[in-house]
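*Asks:* This is the structure I want to talk about, given as structure tokens.
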Amino acid sequence: MKKLIVILACGIMLGTVARAQTGMKIAYINSALLLQNMPERINADSSLAKYTRTFQDQIEMMTREFQTKLQVFQKEEKTMSEAMKEVKTKELQDLQARIESTQQSAQEKIQQKKQDLYTPILEKADKAIKDVAKEKNYDYIFDVNSQGGGIVYSKEDHDVTNLVKAKMGIK
């Protein structure tokens, strides 16, 4: 008799879960394709390329200067005094350090510029995804491009964080 009650209870629970799952609307998006087709992204890429080119030109000019000075140093090294060798070596080391510093600074500035350009684009895409989800009454939208098919939208009533925290005694 106990087995029968357990089997009936399990059957009822499975039926309830199955009905709940069939009522859920799930969709996916290819965010890379979406971003690829946004005109704003094309303009941002062009602007970023121009910005990057200014740093590349400056670094190339500094590198040519370094190479020229190095060649002159190597040609004249045998006839230089020790004091002059030290001065020229220090000059080359300083120039090389400036090149490396400029490269690092350029990378940081380019990364910041990219973030500044892309943030409004990503926010616009995110808003559009959420608007479509609400209009079409989707419970979840997954992104096929993210690792593991990350969720880009979910209804708040599916968030169980507070329930789990309460279960664990966390406030």
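The values are calculated or read from the model by the stated rules, or taken from the named source; none is laboratory data. On a predicted model such as this, the values are computed, not experimentally measured, just so you know. When we count neighbours, we look across all protein chains shown, and the Cβ atoms used for this are built from the backbone with ideal geometry, even at glycine.
*Asks:* Condition first: more than 28 Å from I151 (Cβ to Cβ), touching a residue at least 60 places away in the same chain (Cβ under 8 Å) and surrounded by 13 or more Cβ atoms within 10 Å (Cβ to Cβ). Can you find one or more residues in the stretch 99-113 that meet it?
*Replies:* So far as the stretch 99-113 goes, yes, one or more of its residues are more than 28 Å from I151 (Cβ to Cβ), touching a residue at least 60 places away in the same chain (Cβ under 8 Å) and surrounded by 13 or more Cβ atoms within 10 Å (Cβ to Cβ).
*Asks:* Let me ask another. Assuming M62 fulfils every condition listed in (1) at pLDDT 95 or above; (2) in contact with a Ser or Thr (Cβ under 7 Å, 6 or more places away or on another chain); (3) under 27 Å from N43 (Cα atoms) apart from one, which condition is it?
*Replies:* It is condition (3) that M62 fails.
*Asks:* Still on this structure: Give me a count of the residues in the stretch 135-149 that are surrounded by 11 or more Cβ atoms within 10 Å (Cβ to Cβ), at pLDDT below 90 and over 14 Å from the mean Cα position of the chain (by Cα).
*Replies:* Looking only at the stretch 135-149, we keep the residues that are surrounded by 11 or more Cβ atoms within 10 Å (Cβ to Cβ), and these are 138-146, 149.
Applying the additional criterion that residues be at pLDDT below 90 yields 138, 140-146, 149.
Now restrict to residues that are over 14 Å from the mean Cα position of the chain (by Cα): 138, 140-144, 149.
Total satisfying the criteria: 7.
*Asks:* Looking only at the stretch 10-30, which residues are small (G, A, S) and modelled with pLDDT of 85 or more?
*Replies:* Result: A27, single match.
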